[in-house]
């Protein structure tokens, strides 16, 4: 995902100043993706260049010290709708854990079961820490809850994969 | 946190409530002897929430049956609140299960002919408590699992999640301080399963000891300590003991 679509989604809700977009985006996404303000202004410049947003006429005169308020254009609305309609693509397998385990299996000097075991401990601790956070989040705080659900289920998938690694390595008699 | 009275015993928080010393459990299958568990040494503190994980046949349910005095070890000792279970008569073991240990299973095991509150009150009535006292305690337990308004419904009129909440209330009603849960979310959807985990965690926060058997990492993560069993042996643990 690019910041571009995130900002377009914010501007589709209402016309706002650039500085307000950062906090609004972070609030909507439960702090999962902190932005820096430079990133926001650079992206706004590109969105304007591509005709997806435009400065709200009048806002510059009234509130010159705060810069433009920005609004989404018809082209920007179409781009945003298309983004929501398009499924997110799958990344190729290149995460460090998968690669590390594959390399450990191939390395006769490395105890691959130990690599798996250490990682499983770390993954389980991450799951416990995320679950602890879940206990503190109210059931009505939907964005925070969904973000934690997402992180927990990813960690769970990792834990399941590590369990499977363990079973397969044992079945093949690998160290 | 003050000391807690458990039956006739007084337990300081954090003191070992369940102890396994060199416990092994063999089963005879025809001419073959299979070791289902152990040798296992384990201490579970009062007020601790422990999850047991592992593949099928790893010994999780065997361990839980030993904790709950439903089974006896082939070798070694199981101590509950300092008492060696091997020294107790069958009647004493039955009394211990009624008064000190609550069980929650995947299947809710509620009696269909009794209402929800009657199911919860039943263990107290079986233990000789006056009906009025049993009902009062059952009503409190139903309240604490958010099921007060369902008290007079029969199990068939409750959803799976609601039945499991009643089963949890039944498991901790009265003076019991240990909850043993064997895959309690196995028959529930994810969101309802999480409600059950929150209830078990809440019981732990109130000072009860919870031992959960699960194959689900997301549920084990509600525990203070996660133990991994494989071929009857502990192979790893996470969390703070």
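The values are calculated or read from the model by the stated rules, or taken from the named source; none is laboratory data. Computed from a prediction, not measured in an experiment: that's the story for all the values here. Using ideal geometry, Cβ is built from the backbone for each residue, glycine included, and neighbour counts are taken over all protein chains shown.
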*asked:* For residue B:191, only one of the following conditions fails: (1) surrounded by fewer than 22 Cβ atoms within 10 Å (Cβ to Cβ); (2) over 15 Å from residue B:146 (Cβ atoms); (3) at pLDDT below 90; (4) within 10 Å of chain A (Cβ to nearest Cβ). What is its number?
replied: (2)
*Kindly provide the set of residues from region B:66-75 that are closer than 16 Å to residue B:41 by Cα and surrounded by fewer than 19 Cβ atoms within 10 Å (Cβ to Cβ), ordered by number.*
B:72, B:74, B:75
*Restricting attention to region B:12-56, report how many residues are within 14 Å of chain A (Cβ to nearest Cβ) and touching a strand residue (DSSP E or B) at 6+ places or on another chain (Cβ under 8 Å).*
8
*Of all residues in region B:57-76, which are in contact (Cβ under 8 Å) with a residue 40 or more places away in the chain and under 19 Å from the mean Cα position of the chain (by Cα)?*
B:58, B:59, B:60, B:61, B:62, B:63, B:64, B:66, B:67, B:68, B:71, B:73
*Being more than 9 Å from every other protein chain (Cβ to nearest Cβ) and in contact (Cβ under 8 Å) with a residue 12 or more places away in the chain is the filter here, so list the residues in region A:130-140 that pass it.*
A:133
_Residue check, residue A:103 without any contact (Cβ under 8 Å) to a residue 40 or more places away in the chain, outside the structural domain of residue A:19 (by TED's automatic domain parsing) and not in a helix (DSSP H, G or I)_ = no
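Kindly indicate which of A:146, A:127 is within 10 Å of chain B (Cβ to nearest Cβ) and either assigned to a helix (DSSP H, G or I) or more than 21 Å from the chain's Cα centre (by Cα) (or both).
Working: A:146 fails: within 10 Å of chain B (Cβ to nearest Cβ).
After applying the criteria, what remains is A:127.
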